[in-house]
Amino acid sequence: MDFENLTNQENFKVIYHEQLNKDASAIVQDFSFLKGLDTTYFPIEVEELALSFKSEIEPVSINNFRNGELLGESVDLFAETDDGTELLEVYSDTFLGDVS
């Protein structure tokens with residue numbers, strides 16, 4: 001990782017395997033060649049890890065450049081609630097965690 005430039009996309013990769021090879025004889029299990037690797041600031045153990053995903057619902061962030069497209073005309077963020085608060089403020093506080 002490049003701590004001076006956290007958006008640097010070099011020196012690492014994520015590999016997706018649609019089909020897993022579970023034959024232990026075909027999988028690298030001896031990582032002794034990594035002994036000289038400095039892992040002081042590495043956030044995870046030096047091993048392969050699996051990622052898993054599931055589809056869920058996420059609210060559209062108020063900062064999302066597509067929120068007008070995604071919310072459409074179904075939501076008027078400039079409308080006011082019963083107590084006179086703009087819906088935009090309520091939406092921001094709820095989905096950004098802003099405390100005003």
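Please treat every number below as a calculation from the coordinates, not as lab data. As the structure is a computational prediction, the values presented were derived from the model and not from experiment. We place every Cβ from the backbone using ideal geometry, glycine too, and count neighbours over all the protein chains shown.
With P(r) over Cα pairs in 10 Å bins from 0, in percent in mind, check (1) 17, 56, 26, 1; (2) 17, 48, 22, 9, 4, 0; (3) 10, 24, 21, 19, 16, 8, 2 and report the label derived from this structure. It is the value labelled (3).
For the listed peptides 67-78, 14-25, a ranking on the average number of other beta carbons within 10 Å per residue, highest first, reads 67-78, 14-25. Helix 87-96 axis versus longest C-alpha principal axis of the chain: approximately 20°, rounded to the nearest ten.
In order along region 5-16, the Karplus-derived 3J(HN,Hα) couplings, from 6.51 cos²θ - 1.76 cosθ + 1.60 at θ = phi - 60°, round to 9, 5, 9, 5, 9, 10, 6, 7, 7, 10, 10, 9 Hz, and Gly and Pro are given as x. Spin-label model, Phe12/Asp82: points 7 Å from Cα along the beta carbon direction are separated by 4.8 nm.
With the simple spin-label model, which puts each label point 7 Å out from Cα in the Cβ direction, the Ser55 to Asp2 separation comes to 3.6 nm.
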